[in-house]
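Worksheet: the structure to be examined is printed underneath.
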Amino acid sequence: MGRGGKGSAEGMENRNRWLAWVFLAPAMILVAVLMYYPMIGTAIESLYSTSFINPNPQFVGLKLYRQIFASGDFGQIVRNSVVWTVFVVLLQNVFGFAIALLLNQRLPTSGLMRSLVLLPWILPGVVAAILWRFMYDPQLGLINSFLIRIGLADQGVAWLAESSTAMGAAVIAAVWKGFPFSAVVYLAALQNVDREQIEAAIIDGAGAVRRLFSVVIPSMREVIVINVVLTTILTFNYFDMIWVLTRGGPQNATHIFPTKIYELGFGQFRFGEAAAYGVFSILILAVLIALYFILQRRGQKAARA
């Protein structure tokens with residue numbers, strides 16, 4: 001009787017395991033077709049050379065990778081991508097955290113303010129980029145008109161046409177577009193901070209700044225780390241803003257991996273080089289995604305503890 005019950009239990013467990021695989025199979029096939037197949041295809045494509053004049057793929061092995069490393073463009077793309085990602089992520093998180101602190105206060109217009117803060121995030125990236133392109137216009141732009149009116153400029157500045165200002169202008173536009181995401185995340189985290197700890201700090205005589213750095217931020221550490229990693233992944237792969245604003249110019253001053261890949265592939269029909277840049281981009285994103293999952297697991301373990 002005992003053996004029969006044990007065999008029946010093992011059979012049921014095996015059937016449940018197979019049933020689980022059956023239900024998972026459609027999702028696994030979909031992920032393989034939509035994600036892994038294109039990545040493998042990109043890696044294979046990077047081994048072939050094509051051009052507009054000679055569209056027939058010619059196998060060249062790792063030649064394209066050596067050419068990319070030898071060119072000055074690759075180093076500039078890496079530097080631009082690092083500058084773009086670091087400054088957008090840093091400012092987006094700092095500004096989003098400050099706005100979250102403000103929205104967490106009990107103000108008469110807090111509901112209206114929360115709705116208004118979400119507007120940049122709701123706008124499609126292309127629409128937001130076009131809006132900022134008009135604002136940066138050297139003749140009719142609102143920014144130049146304001147600077148001239150208050151006496152900080154004598155004439156309109158071509159913010160997007162100068163190598164020294166184009167990246168900074170794009171960063172400001174991206175921060176404006178993305179900070180509501182961080183603000184919403186941090187606002188939710190602020191509302192889950194233990195009130196008893198804050199009240200204990202107040203009783204001990206801690207001021208607002210001391211409470212912020214001694215109680216609030218340590219309580220939100222896991223959320224902050226995960227949000228920074230997530231916004232880093234999104235920003236590194238952000239295409240719309242820079243392409244609409246500058247198309248990677250002037251003189252490659254704002255080209256990052258996504259815009260360079262698009263220009264090589266769809267602008268110059270050099271699909272092999274575009275695929276090689278895509279492989280580098282995939283490797284960097286894979287590292288960032290792995291870091292995100294590692295930090296997420298640590299956050300879940302800390303929450304359980």
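A short reminder: the numbers here are calculations on the coordinates, not readings from a lab. Small disclaimer: the values here were computed from a predicted structure and weren't measured. Cβ sites come from the backbone with ideal geometry, for glycine too, and all protein chains shown count toward neighbours.
From the square roots a ≥ b ≥ c of the eigenvalues of the alpha-carbon gyration tensor of the chain, which class results: rounded (a/c under 1.5), prolate (a/b over b/c), or oblate?
Numbers: a/c = 2.45, a/b = 1.05, b/c = 2.34.
Since a/c reaches 1.5 but b/c is at least a/b, the shape of the chain is classed as oblate.
Post the alpha-carbon centroid distance, segment 72-151 to segment 194-230, in whole angstrom.
26
Under a cut-off of 14 Å between alpha-carbon atoms, report the aspartates and glutamates in cross-link reach of Lys260, not counting same-chain residues fewer than 8 places apart.
Within the straight-line limit of under 14 Å, Lys260 reaches these aspartates and glutamates: Asp73, Asp240, Glu273.
In nm, to one decimal, how far is the Ile202 label point from the Arg15 one, both placed 7 Å along Cα→Cβ?
6.0
Using a 10 Å cut-off on Cβ atoms, rank the peptides 45-51, 78-84 from the highest mean neighbour count down. Let's see the in-between values first.
Details: 45-51: 18.9, 78-84: 16.9.
Averaged packing, sorted descending, gives the order 45-51, 78-84.
Taking R0 as 30 Å, what FRET efficiency do you get between Leu90 and Arg149 from their Cβ-Cβ distance, rounded to the nearest 0.05? Write down the numbers at each step before the final one.
Values: r = 30 Å, r/R0 = 1.01.
The computed FRET efficiency comes out at 0.50.
Which values, in whole Å and largest first, are the semi-axes of the equivalent ellipsoid of segment 37-115 obtained as the square root of 5 times each eigenvalue of the Cα gyration tensor?
Values: eigenvalues 463, 54, 21 Å².
Rounded to whole Å, the semi-axes are 48, 16, 10.
When a/c is below 1.5 the answer is rounded, else prolate if a/b is larger than b/c, else oblate, so apply that to segment 157-268 with a ≥ b ≥ c taken from the square roots of the Cα gyration tensor eigenvalues. Please list the in-between numbers first.
Details: a/c = 4.41, a/b = 2.68, b/c = 1.65.
The shape class here is prolate.
How much length, in nm to one decimal, is gained on full extension between Leu123 and Val31, taken as 0.36 nm per residue of separation minus their Cα-Cα distance? Before the final figure, lay out the partial values.
Values: separation 92, 0.36 × 92 = 33.12 nm, distance 2.84 nm.
Taking Leu123 through Val31 to full extension adds about 30.3 nm, to one decimal.
For segment 1-144, report the translational diffusion coefficient in µm²/s to the nearest whole number, using Stokes-Einstein at 25 °C, 0.890 mPa s, and a Kirkwood Rh over Cα pairs.
Working: Rh = 22.8 Å.
Translational D for this selection: 108 µm²/s.
Only helical DSSP H runs with n ≥ 4 go in: add -39500 (n - 2.57) per run for the chain, normalise by residue count and round the 222 nm mean residue ellipticity to 500 deg cm²/dmol.
Details: 15 runs with 213 residues, N = 305.
It comes out at -22500 deg cm²/dmol, rounded to the nearest 500.
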